[in-house]
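See structure below.
What follows draws every value from the coordinates through simple rules; no lab data is involved. None of the values given here were measured: they were computed from a predicted structure. A quick note on method: Cβ atoms are made from the backbone with ideal geometry, for glycine too, and the neighbour counts reach across all protein chains shown.
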C-alpha cells in the first residue's frame, strides 16, 4: 500500500504526513462560522451528592476555554484556580461542557453576564471535575463551500474508513492553530534552554498572525531587545508581554521570564512534545507498513478499553488479531516520559531515535516537572480512531456543504476525521 502524502507544510511540520483514504477530498471550509462546529461533552455519572463544588454547564461561542474561565472567575471574584474542568474545547465553535467551581453558591451565577457565555448550575459535588469524568465528545459539524468533484464518493469512503480505523493523529490545535509551536517551545524547555523557549514563544512570527503582532515578534527575533518588542506587542498578548516585561526588568533571566507563563500552559508545551513524537511515529508506521498499518506486529503494545496493556508476541499474535477484530483492544504507540524506556519493537526503536533527534531524555522530563509542577509519565495512545459517522451532502444552488455527526472518546480529534474527508489546507480548518 502506498499511502497518500499530505502536500501541506504545516501538517508535515507536525508529523501528520499521510491520509489513508484515496479520494481527492471535498475541500471546503470547516469553521466558516463558529456555529458550524458544535461539540458537547459526554459524561459518566456525575454524583451530585452535595459538597463545596458547584457543578455547572458552560455553553460558550467563540471563546477559548482558559480565557472564558478567567473572565468567569473575575466576574465571580474568586481565584481562577478554583475552577476545574474535564477537557479543553475548540475556540471557534459552539461548545457545551461541565465545569466545577469551588466555594460559590448557585445564586452567585446571576452575576455572570458575559457575551456568548451561559452558565447553568446543576448541583453540588464533594469533588471537583477531572479528566476521568469525561466519557467522550459528541460533534455536529458543517463543512461549507465544498469544491471537490465527487462529494458523495469522498464522504462514502471516509465513512467506511472511519468504521475500520483512521490515523489517530493529534490535531493541529494541539500545537497551536495560528502558530503551531507548542512542541518547539516544549523541546527547548526539555533541553533546559530557557532563552530559546522565550525566543520561540515571544518571537518566531508566523504569516497568518496580525501584522502588529508579527512586527513585535520580528523585532524580538531579530534583535533580542525585549524593551523594543514590548513597546510594539499589543496589550491583548498577555503572556508574550509578561515574558518581555520580565526581561526588561531582569535582563538575561530567561528562566524567570518563561516562568511568568502559567504552569498549566507550560505543561501543555511539554506534553506537546510527546504528541509530536506520536504523530511522527504514526506516520512512519503508515509509510513503512505494507498493508494495514494498525494490524499487530510482534513487539507492539495493545491498549484495551479498560486501560490495560499487553505486548504482542509470537505466541499471542493470533489472539491479538482476534481481540482487535472484536473491538476489545487496539495497537498503540508508547510516548515516553520520565520513566525508563526500553524499545520493544521496530516502531519503538524509531521512537527512541526521534527522542535522540530532539535531544529529549527521561531525565529532561523529570527535571522540567519541577518547573511546571506536573509529572510527565509515559503513556500509550491507540494508533487508530474509529467513529460511526452520519453524513449528508447538501446542495443549495451553487453552494455545496456536508453535514457530519459523530462521537469520539476523550483526547481524539474531530479535525482528524474532517482532515481525512476534506484533504484541504489546514488554514481552512482553523
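Using square roots of five times the C-alpha gyration tensor eigenvalues, list the equivalent-ellipsoid semi-axes of region 264-382 in whole Å, biggest first.
The three semi-axes for region 264-382 are 27, 15, 12 Å.
Highest average first, the peptides 247-255, 61-69, 181-189 ordered by how many other beta carbon atoms sit within 10 Å of their residues are 181-189, 61-69, 247-255.
Could you calculate the FRET efficiency of residue 325 with residue 5 from 1/(1 + (r/R0)^6), where r is the beta carbon distance between them and R0 is 25 Å, rounded to 0.05? Intermediate results must be reported in sequence, preceding the final value.
Working: r = 29 Å, r/R0 = 1.14.
The pair residue 325/residue 5 has a calculated efficiency of 0.30.
Quick one: in region 169-321, what % of C-alpha pairs are over 29 Å apart? Taking all Cα-Cα pairs of region 169-321, the fraction more than 29 Å apart is 35 percent. In a fully extended conformation the segment linking residue 102 and residue 377 would gain 96.2 nm over its present Cα-Cα distance, using 0.36 nm per residue. Expressed as a whole percent, the proportion of Cα-Cα pairs in region 35-136 lying more than 22 Å apart is 23%. Estimated at 0.36 nm per residue, the fully extended path between residue 150 and residue 356 surpasses their Cα-Cα distance by 69.8 nm.
Counting DSSP beta bridges in the chain, what percent are antiparallel, to the nearest 5?
95 percent
Distance from a point 7 Å along Cα→Cβ of residue 287 to each backbone N in region 335-367: keep the residues under 18 Å and list them by number. Only 346-359 pass the distance filter.
Report, in whole Å, the centroid distance computed from the Cα atoms of region 188-233 and region 306-376. The two parts, judged by their Cα centres, are 34 Å apart. So, R0 is 22 Å and r is the distance between the beta-carbons of residue 236 and residue 32; what FRET efficiency does that work out to, to 0.05? With a Förster radius of 22 Å, E is 0.35. Over the residues of the chain, the helix contribution to mean residue ellipticity at 222 nm works out to -11000 deg cm²/dmol, using -39500 (n - 2.57) for each DSSP H run of at least 4.
Just to verify a number: FRET efficiency for residue 340 and residue 248, C-beta to C-beta distance, R0 = 56 Å, to 0.05?
Values: r = 42 Å, r/R0 = 0.76.
In this case the efficiency is close to 0.85.
Return the Rg/Rh ratio of the chain with Cα-based radii and a Kirkwood Rh. Display every interim value, and only then the final one.
Working: Rg = 22.4 Å, Rh = 23.3 Å.
So for the chain, dividing Rg by the Kirkwood Rh gives 0.96.
Spatial offset of region 40-119 relative to region 394-430 amounts to 27 Å, using the alpha carbon center of each. The C-alpha radius of gyration of region 182-261, expressed as a fraction of 2.2 N^0.38 Å, stands at 0.98. Ordering 14, 48 from the fewest to the most neighbouring beta carbons within 10 Å gives 48, 14.
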